[in-house]
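The values are calculated or read from the model by the stated rules, or taken from the named source; none is laboratory data. Computed from a predicted model, the values in this text were never measured in an experiment. Reconstructed Cβ throughout: ideal geometry from the backbone, glycine too, with neighbour counts over all protein chains shown.
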Amino acid sequence: MGIKADVKVDILFGEAGAEEAARREAVTVVIDALRASATITTALAVGAQKVVPVGTPEEARAYLGRPGHFVAGERRGMKLPGFHFGNSPTELVRHGHLLRGGVLVLTTTNGTRVVRAARAGNTVILAGTTLNAGAVARAALEMARREGRDIVLVAAGEDEAHAEEDFAGARCIAGHLERLQNTPVACEPCPADLASLFAETPSAQELFELGYRDDVFFCARRDVYEVVPWLKNGGFVAYGTHQAAPIPRRRAE
């Protein structure tokens, strides 16, 4: 397949958006800014070999006691009983020495659910947020051009409701794509003051009440990491450190 010069970029929302991205076989960036995308990215940045997203707490618990595996997750923001970690990037930074070379198994209320919806098709799936916006934009564009695909940025939302922090993350990535292609993307620019925007969202207010204030402001930072989580063989690995072989497209029926 020849190199695709101009790549179409769309922002879609929730499971419905992920399913549409799967139907289009797009390079799909799942954005759950508070906090799954940040947790996945941070886990790889501190040295985890892989992050395995699973749908339910029961699936995650099956990995407890497996050598080299750590289990993380939340429901309604709270760390699940018996798990090593919650869905907290700052917790992973504090305990990063434990994760080096290991596998993190993660289940969350929204982010892993949307990843599962995107996996229904022959998609290329990345995890992105404001923390790695520039890096994920470059990787998505490289993949899309090489394989002749569109790029779909999926703002995960909360229980299928719009989440402004996820939309902001999508707009930050879209802004990088606009500059890389020198082609306008049909959305508003990334907000200048991400910390204030994140702090005012319902998700952040819930996290403040649960004692995760540091997570909110950690997740609101911009272009901190060069790590791009790429879903390969059931787990997110760092793109660029693994062979990125082209994925065959299905023939139209």
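Rundown of residues vs (1) out of contact with any His (no Cβ under 8 Å at 6 or more places or on another chain); (2) closer than 30 Å to residue 150 by Cβ; (3) of a type outside the set (Gly, Ala, Ser); (4) touching a residue at least 12 places away in the same chain (Cβ under 8 Å), yes/no style:
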{"position": "180", "(1), (2), (3), (4)": "yes, yes, yes, yes"}
{"position": "199", "(1), (2), (3), (4)": "yes, no, no, yes"}
{"position": "204", "(1), (2), (3), (4)": "yes, no, no, yes"}
{"position": "208", "(1), (2), (3), (4)": "yes, no, yes, no"}
{"position": "212", "(1), (2), (3), (4)": "yes, no, yes, yes"}
{"position": "220", "(1), (2), (3), (4)": "yes, yes, no, yes"}
- Item | Hits in segment 150-198 - residues which are farther than 20 Å from residue 223 by Cα and of a type outside the set (Gly, Ala, Ser) | 150, 158, 159, 160, 162, 183, 184
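Quick grid of which residues meet (1) at pLDDT 95 or above; (2) assigned to a helix (DSSP H, G or I); (3) of a type in the set (A, V, I, L, M):
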| residue | (1), (2), (3) |
| --- | --- |
| 208 | yes, yes, no |
| 221 | yes, no, no |
| 226 | yes, no, no |
| 244 | no, no, yes |
- Message: Going residue by residue through segment 167-182, is there one that turns out to be closer than 16 Å to residue 30 by Cβ, of a type in the set (Asp, Glu) and either assigned to a helix (DSSP H, G or I) or in contact with a strand residue (DSSP E or B) (Cβ under 7 Å, 6 or more places away or on another chain) (or both)?
- Response: no
- Item | Subset tally (residues that are crowded, with 18+ Cβ neighbours inside 10 Å, in contact with a strand residue (DSSP E or B) (Cβ under 8 Å, 6 or more places away or on another chain), more than 15 Å from residue 132 (Cβ to Cβ) and of a type outside the set (Val, Ile, Thr)) for segment 146-166 | 6
- Message: Among the listed residues 90, 109, identify the single one that is modelled with pLDDT under 95 and of a type in the set (Ser, Thr, Tyr).
- Response: 109
- Note on the structure: When segment 38-62 is checked residue by residue, the ones that are over 22 Å from residue 117 (Cα atoms) and among the hydroxyl-bearing types (Ser, Thr, Tyr) are 42
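Determine which member of the set 149, 138, 100, 171 is modelled with pLDDT of 95 or more, over 29 Å from residue 191 (Cα atoms) and among the charged types (D, E, K, R). Talk me through it step by step, then tell me what you get.
On the way: 149 fails: over 29 Å from residue 191 (Cα atoms); 138 fails: over 29 Å from residue 191 (Cα atoms); 171 fails: over 29 Å from residue 191 (Cα atoms).
That would be 100, the only listed residue that is modelled with pLDDT of 95 or more, over 29 Å from residue 191 (Cα atoms) and among the charged types (D, E, K, R).
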